[in-house]
1. For the subset of the stretch 84-100 comprising residues that are surrounded by fewer than 19 Cβ atoms within 10 Å (Cβ to Cβ) and in contact with a Ser or Thr (Cβ under 9 Å, 6 or more places away or on another chain), which member is nearest to Y147 (Cα to Cα)?
2. Quick check on the stretch 101-118: of everything there that is outside any helix (DSSP H, G or I) and either surrounded by fewer than 15 Cβ atoms within 10 Å (Cβ to Cβ) or under 18 Å from the mean Cα position of the chain (by Cα) (or both), which residue is modelled with the highest pLDDT?
3. With within 24 Å of F121 (Cα to Cα), among the small types (G, A, S) and either in a helix (DSSP H, G or I) or at pLDDT 85 or above (or both) as the only criterion, which of G74, G18 stands out?
4. Run down Y68, Y55 and say which single residue is crowded, with 21+ Cβ neighbours inside 10 Å, of a type outside the set (A, V, I, L, M, F, W, C), within 16 Å of Q132 (Cβ to Cβ) and in contact with a Phe, Trp or Tyr (Cβ under 6 Å, 6 or more places away or on another chain).
5. Kindly provide the set of residues from the stretch 122-153 that are in a helix (DSSP H, G or I), within 21 Å of I56 (Cα to Cα) and more than 19 Å from the chain's Cα centre (by Cα), ordered by number.
6. Does the stretch 77-91 include one or more residues that are modelled with pLDDT under 85 and more than 18 Å from the chain's Cα centre (by Cα)?
7. Kindly indicate whether any position in the stretch 77-90 is at positive phi and acidic (D, E).
Amino acid sequence: MIKSVADLSRKKWFLWCGKIATLVVIVLLSYWQLKPKLKNEIIDNRSYPVEAAEYIKQNTDLSVMRMYNEYNYGSYLIYENIKVFIDSRADLYTKEFNGKIEVFSDFLGVSNLDKDYDKIFDKYDITHCIFQKAKIINKALAKDDNYKEIYADPYFIIYEKLDAGKITVEDGSNNESEIDNNEIY
């Protein structure tokens, strides 16, 4: 039972304060969730090379650059109009599909350091490489005099090959034949 008008007003005041506080919390949480979308930061720059892609577009000649990239973010580079070595459509990069070369197998060999990365890069005329900083291949490339680090952010590193070679593929007869770059990329 309400004892006085003052108690009734006080209860209404606390009720309204609680409603307003709840509304403020909801608005702040909504803003926090929408903030990345408002700034067009939908893509996580820890998983995808957002800043590195901007660097590539502003500081390299995309018409002659041949990028070696990891499988997981090839699609993002394509989205940014950067030609890639591989992307998440793995079937396109198998000999069974394209009838020419086994890009996917070469990618796995380089990623696992099972194959000589320099030979693979020469095979495809790779001029630049992009890797997440945590990849073990960065240790090898950082010590390799044929590669120069040209970009680094907290998550990705780009290397430039100082002397890019010809594109070749072994045809099984110990003869190497050239491959048309446009057929690969």
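The values are calculated or read from the model by the stated rules, or taken from the named source; none is laboratory data. Remember, it's a predicted structure, so these values are computed and weren't measured experimentally. When we count neighbours, we look across all protein chains shown, and the Cβ atoms used for this are built from the backbone with ideal geometry, even at glycine.
1. Of the residues in the stretch 84-100, the ones surrounded by fewer than 19 Cβ atoms within 10 Å (Cβ to Cβ) are 88-92, 94-100.
Those left that are additionally in contact with a Ser or Thr (Cβ under 9 Å, 6 or more places away or on another chain): 88-89, 94-95.
Numbers: S88: 26, R89: 28, T94: 28, K95: 29 Å.
Looking at the filtered set, the residue picked out is S88.
2. Looking only at the stretch 101-118, we keep the residues that are outside any helix (DSSP H, G or I), and these are 101-102, 112-116.
Now restrict to residues that are either surrounded by fewer than 15 Cβ atoms within 10 Å (Cβ to Cβ) or under 18 Å from the mean Cα position of the chain (by Cα) (or both): 112-114, 116.
Details: N112: 84, L113: 87, D114: 83, D116: 91.
Step by step, filter the stretch 101-118, then rank; the result is D116.
3. Selected residue: G74, the only one of G74, G18 that is within 24 Å of F121 (Cα to Cα), among the small types (G, A, S) and either in a helix (DSSP H, G or I) or at pLDDT 85 or above (or both).
4. On the way: Y55 fails: crowded, with 21+ Cβ neighbours inside 10 Å.
Result: Y68 is the single residue among Y68, Y55 that is crowded, with 21+ Cβ neighbours inside 10 Å, of a type outside the set (A, V, I, L, M, F, W, C), within 16 Å of Q132 (Cβ to Cβ) and in contact with a Phe, Trp or Tyr (Cβ under 6 Å, 6 or more places away or on another chain).
5. Step one: list which residues in the stretch 122-153 are in a helix (DSSP H, G or I), which gives 122-123, 137-143.
From what's left, within 21 Å of I56 (Cα to Cα): 122, 137-138, 141-142.
Across the stretch 122-153, the qualifying residues are D122, A142.
6. Residues of the stretch 77-91 modelled with pLDDT under 85: 90-91.
Now drop any that are not more than 18 Å from the chain's Cα centre (by Cα), which leaves 91.
For the stretch 77-91, residues modelled with pLDDT under 85 and more than 18 Å from the chain's Cα centre (by Cα): present.
7. Here is the first cut: in the stretch 77-90, the ones at positive phi are 81.
Those still in the list that are acidic (D, E) too: none.
No, the stretch 77-90 has no match at all.
Condition check ((1) more than 19 Å from V103 (Cα to Cα); (2) in contact (Cβ under 8 Å) with a residue 24 or more places away in the chain; (3) surrounded by fewer than 16 Cβ atoms within 10 Å (Cβ to Cβ)) across all residues:
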{"residue": "D122", "(1), (2), (3)": "no, yes, no"}
{"residue": "T127", "(1), (2), (3)": "no, yes, no"}
{"residue": "I130", "(1), (2), (3)": "no, yes, no"}
{"residue": "I136", "(1), (2), (3)": "yes, no, yes"}
{"residue": "N146", "(1), (2), (3)": "yes, yes, yes"}
{"residue": "I150", "(1), (2), (3)": "yes, yes, yes"}
{"residue": "D163", "(1), (2), (3)": "yes, no, yes"}
